[in-house]
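> Shown below is the structure under consideration.
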Amino acid sequence: MDLPLHGSCLCGAVRYEISAAPYGQADCHCRACQHATGGAYAPVLLVPAAGFRVTGPMRRHVVRGASGNRVARAFCEHCGTTLYAHTTRVETMRPVYAVTLDRPEIFRPELDCWVEAAQPWVAMDPALPKFPRDPPARLAEFAKPAAD
């Protein structure tokens, strides 16, 4: 994957740059991601926070996720596009919604998580590892270990 990666919201008021290699790429099927994206799941790049820079008019909505952790989702205050999340489970990582990349075709999921909440009509790739909830943090070599 060639860095940096760039992306934006629908109206272009918010832009971001990813300058560090993602920890991984996942399809998240949790209900919160379903609501945030309006889709059956969220394809996300798990990006190191230190290598992620955002400019433009953002707003955030914070909830307690099914995992018990606080989850903030950041979106453009003009068009409402959700661009990324931030969870207290792993402070050093930002799940960035792959469809907001300038080149979303580079996304290649490596696992499915929160499959216990997956919609029954979604066809998942049987070759990808499946996790009922969050995948173990050690899979992504996160800087802050979480209880697995």
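> Do the sum for the chain: with -39,500 (n - 2.57) for every DSSP H run of n ≥ 4, divided by all residues, what is the mean residue ellipticity at 222 nm, to the nearest 500 deg cm²/dmol?
So the helix-based figure for the chain works out to -1000 deg cm²/dmol.
> Can I ask one more? Take the chain, connect every pair of alpha-carbon atoms lying under 10 Å apart with a spring to form a Gaussian network, then pick out the residue of 22, 132, 43 with the largest mean-square fluctuation.
In the Gaussian network model the winner is 132.
> Would you mind pulling out the separation of the Cα centroids of the range 113-131 and the range 28-86, in Å?
Centre-to-centre distance over Cα atoms comes out at 20 Å.
> Still on this model: What residue among 87, 100, 55 shows peak mean-square fluctuation when the chain is described by a Gaussian network model with Cα springs under 10 Å?
Looking only at 87, 100, 55, the biggest GNM fluctuation is shown by 55.
> Would you mind working out the magnitude of the charge dipole of the chain relative to its Cα centre, with +1 at each Lys and Arg C-beta and -1 at each Asp and Glu C-beta, to the nearest 20 Debye?
540
> Can you give the Kirkwood hydrodynamic radius of the chain from its Cα pairs, in Å with one decimal?
15.4
> Apply 1/(1 + (r/R0)^6) to the Cβ-Cβ distance of residue 63 and residue 106, taking R0 = 30 Å, and write down the FRET efficiency to the nearest 0.05.
0.55
The numbers here are math on the coordinates, done by the rules we state, and not lab data. The shown structure was predicted, so the numbers you read here are calculated from the model rather than taken from an experiment. Neighbour counts are summed over all protein chains in view; Cβ atoms, including those assigned to glycine, are modelled from backbone coordinates with ideal geometry.
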